[in-house]
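Below: one structure, written as structure tokens.
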Amino acid sequence: MNVLLLAINFAAVAVVLGAWWLSTGQGWIAPIFLPSPGDVLHAARIKIANGDLLTDVVVSARRVFLGFGLAAMVSIPLGIVMGVWRPAKAIMDPFVSLLRPLPSITWIPLSILWLGIGELQKVAIVFMGSWIYILLYTYESTRRVDPLLLRAARNLGAGDGAVMWEVILPGALPGIIGGLKVTLAISWSCVLTAEMIAAQSGLGALIWQAKDWGNLPLVLVGMLCISLTVLVADWLALRLELVLLPWERGRRG
Amino acid sequence: MPAILTARNVTKTYDAGRSGQVVAVQDLSLDIEEGEFVCLLGASGCGKSTMLSLFAGFIQPTTGEVALRGTPITGIEPRCGVVFQSYALFPWRTVRGNVEFGLKMQGVGRAARRERGQAFIDLVKLTGFEERYPTELSGGMQQRVTLARILAANPAVLLMDEPFAALDAMTRQVMQEELLRIHATSHKTTVFITHSLDEALILSDRIVVMSPRPGRIKAVIPNPLPRPRHVAMQITPEYMALKSSLWQLVEAEMAHHDETSSPQD
Ligand SMILES: Nc1ncnc2c1ncn2[C@@H]1O[C@H](COP(=O)(O)OP(=O)(O)OP(=O)(O)O)[C@@H](O)[C@H]1O
Ligand SMILES: [Mg+2]
């Protein structure tokens, strides 16, 4: 069954690649609209050979890592406090309501004014685009911890601290990690937006500059590279999940 | 003997949203003596779990008072250990971690915890499953973990909500025998909810029969079956006679319940 599904995966990709190869090769689609797979491969080879591509991936990944990490460091504790202590929720609620509708791109003018166009500004954009999601996921997961387990823990003699460490944190952890995974993808889109608007390096800048030079194969290389990087990040997150949440392994199979 | 657990004119009403209020328990008074084994018997929804939650301090009576050794129970009471109807195991802790939880909360050191936890894991016949997580166990196994967890914590009172409901007949008998043995040696005060007449008769000193809507005590029946008891007693003519007289008393309350055991089986 699994083998069959895998075969379907490959077949679907092969069909699309084949159609792409055929339609560009036969000249049905002009190269200025869609370059051929060969052109894209060629562009990728050059960029990989001179090391530019890896540099761009590393630069973007570093920005995501810093902004996302900072957001997680702020929002996870804050979200837990909001979940267990109502006044904290009351304090945060108005700000969350006001800031949540703003896409991170709307922070670009202010962030450039305040922070210039250096690394700090990119990290800030990632941070602004991520922290609210992490906060909300953490808050929700904390609220959703089974109240029966809180009772059971107290019935077995747990005090406030033990309830926090032994029940609320592990109980909320799967939800928090799930939220982090969703937010990580959002963080990537934030950094790319920021790089397209004002940056000399990073995958977003690569795509935008390639567009300016009319180098369409390079645009596609950049896009592919983003997909692959996020896939790798997701895979790493899944590994981490298996280590952090051993009790969920049965559910995942 | 003095009463250890008391309920004085306890009424508990729940807010049930649009449908108004549900009177789960009405004007109920009950004294449970030190060392006594009391079974609560009654149809589904007659307020058995509600009484247990009141004794554990999970909920407060709407009117009236519950007390442990004369002191009102106003918050969650670790001296009244609960075996939950729905297990309430910590999914992120292994069998061992769950069983040792109470000991850890009491500040028992790692080595002593290990040893005492293991004894109760062995007792409930889960040797070899120490490192499994609850989701990897069957319902009956999870139920036995809950039992081991509370026995290891060694509270003054045991409150058990249908603790053997998910077990197969064989395991259930083994667990009943274990509980009889534990009670014989520790004389721990126990409140035990069950739907089974046999279980109530073999385990209890007194049987409290409840009736639903609103939940009240219908009858309190002292159990004359001599101790020490044994599951094999259930085939003696004396036992049969006792069971059929008890059956007549509770018939009206139990008639509509699925898990009813009848005197013929
Ligand atoms: N949290 C709650 N909110 C509203 N109503 C409740 C709540 N808990 C129990 N009830 C109601 O109170 C009544 C008694 O419930 P309880 O759980 O004590 O019954 P029970 O005797 O333990 O039943 P069972 O044998 O099915 O476990 C029922 O009518 C139930 O619907
Ligand atoms: Mg119940």
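Looking at B:97, B:102, B:109 in this structure, which one is facing chain A (nearest Cβ under 8 Å), more than 16 Å from ligand 1 (Cβ to nearest atom) and not basic (Lys, Arg)?
Values: B:97 fails: facing chain A (nearest Cβ under 8 Å); B:109 fails: facing chain A (nearest Cβ under 8 Å).
The conditions single out B:102.
Within the range B:188-223, the set of residues being of a type in the set (Gly, Ala, Ser), surrounded by fewer than 23 Cβ atoms within 10 Å (Cβ to Cβ) and in a strand (DSSP E or B) comprises B:211, B:219. Taking the criterion of being within 16 Å of ligand 1 (Cβ to nearest atom), within 14 Å of chain A (Cβ to nearest Cβ), outside any strand (DSSP E or B) and buried (at least 22 other Cβ atoms within 10 Å of the Cβ), would at least one residue in the range B:71-85 satisfy it? Checking the range B:71-85: at least one residue is within 16 Å of ligand 1 (Cβ to nearest atom), within 14 Å of chain A (Cβ to nearest Cβ), outside any strand (DSSP E or B) and buried (at least 22 other Cβ atoms within 10 Å of the Cβ). Residues that are within 14 Å of chain A (Cβ to nearest Cβ) and within 11 Å of ligand 2 (Cβ to nearest atom) were ranked within the range B:51-67; the one that is farthest from residue B:29 (Cα to Cα) is B:53. Of the residues that make up the range B:147-160, is at least one within 16 Å of ligand 1 (Cβ to nearest atom) and within 14 Å of chain A (Cβ to nearest Cβ)? Yes, the range B:147-160 contains a residue that is within 16 Å of ligand 1 (Cβ to nearest atom) and within 14 Å of chain A (Cβ to nearest Cβ). Across the range B:58-69, the qualifying residues are those that are without any contact (Cβ under 8 Å) to a residue 60 or more places away in the chain and away from ligand 1 (no atom under 15 Å from the Cβ), and the one among them that is nearest to residue B:158 (Cα to Cα) is B:65.
Taking residues in the range B:29-52 that are under 17 Å from residue B:65 (Cβ atoms) and within 14 Å of ligand 1 (Cβ to nearest atom), and partners anywhere that are not polar (S, T, N, Q) and not in a strand (DSSP E or B), the pairs with Cβ atoms closer than 8 Å and at least 6 places apart or on different chains are B:47/B:212; B:47/B:214; B:50/B:59.
Using the structure shown, decide if residue B:184 is within 19 Å of the chain's Cα centre (by Cα), in a loop (DSSP other than H, G, I, E, B), more than 14 Å from chain A (Cβ to nearest Cβ) and in contact (Cβ under 8 Å) with a residue 40 or more places away in the chain. No. Consider residue B:44 carefully, then state whether it is within 16 Å of ligand 2 (Cβ to nearest atom), polar (S, T, N, Q) and more than 14 Å from every other protein chain (Cβ to nearest Cβ). When the stated conditions are applied, residue B:44 passes them.
So is residue A:189 free of Cβ contacts under 8 Å to residues at least 40 places away in the same chain and surrounded by fewer than 19 Cβ atoms within 10 Å (Cβ to Cβ) or not? No; evaluated as a whole, the condition is false for this residue. When the test is whether a residue is of a type in the set (D, E, K, R) and within 23 Å of the chain's Cα centre (by Cα), residue A:86 does not pass it. Within the range A:160-176, restricting attention to residues that are surrounded by fewer than 18 Cβ atoms within 10 Å (Cβ to Cβ) and touching a residue at least 24 places away in the same chain (Cβ under 8 Å), the residue that is nearest to the other protein chains (Cβ to nearest Cβ) is A:169. If the condition is being of a type in the set (Ser, Thr, Tyr) and in contact with a Leu (Cβ under 8 Å, 6 or more places away or on another chain), then the range A:51-93 contributes A:60, A:75. Among the residues in the range B:146-168, are any touching a residue at least 40 places away in the same chain (Cβ under 8 Å), in contact with a Phe, Trp or Tyr (Cβ under 6 Å, 6 or more places away or on another chain), more than 16 Å from ligand 2 (Cβ to nearest atom) and part of a loop (DSSP other than H, G, I, E, B)? No, there is no match, as no residue in the range B:146-168 is touching a residue at least 40 places away in the same chain (Cβ under 8 Å), in contact with a Phe, Trp or Tyr (Cβ under 6 Å, 6 or more places away or on another chain), more than 16 Å from ligand 2 (Cβ to nearest atom) and part of a loop (DSSP other than H, G, I, E, B).
Counting residues in the range B:165-172 that are more than 27 Å from residue A:157 (Cα to Cα) and within 16 Å of ligand 1 (Cβ to nearest atom) gives zero.
Out of the residues in the range B:9-38 that are more than 18 Å from residue B:159 (Cα to Cα) and charged (D, E, K, R), state the one that is nearest to ligand 2 (Cβ to nearest atom). Spell out the reasoning first.
Taking the range B:9-38 as the starting set, the residues that turn out to be more than 18 Å from residue B:159 (Cα to Cα) are B:9, B:11-24, B:26-27.
Subsequent filtering for residues that are charged (D, E, K, R) retains B:12, B:15, B:18, B:27.
Working: B:12: 13, B:15: 19, B:18: 23, B:27: 20 Å.
Ranking the qualifying residues of the range B:9-38, first place goes to B:12.
Each reported figure results from applying straightforward, stated rules to the coordinates on display, with no laboratory input. From a predicted model like this one, the values you see are computed outputs, not experimental measurements. Counting neighbours? That spans all protein chains shown, and the Cβs are built from the backbone with ideal geometry, glycine included.
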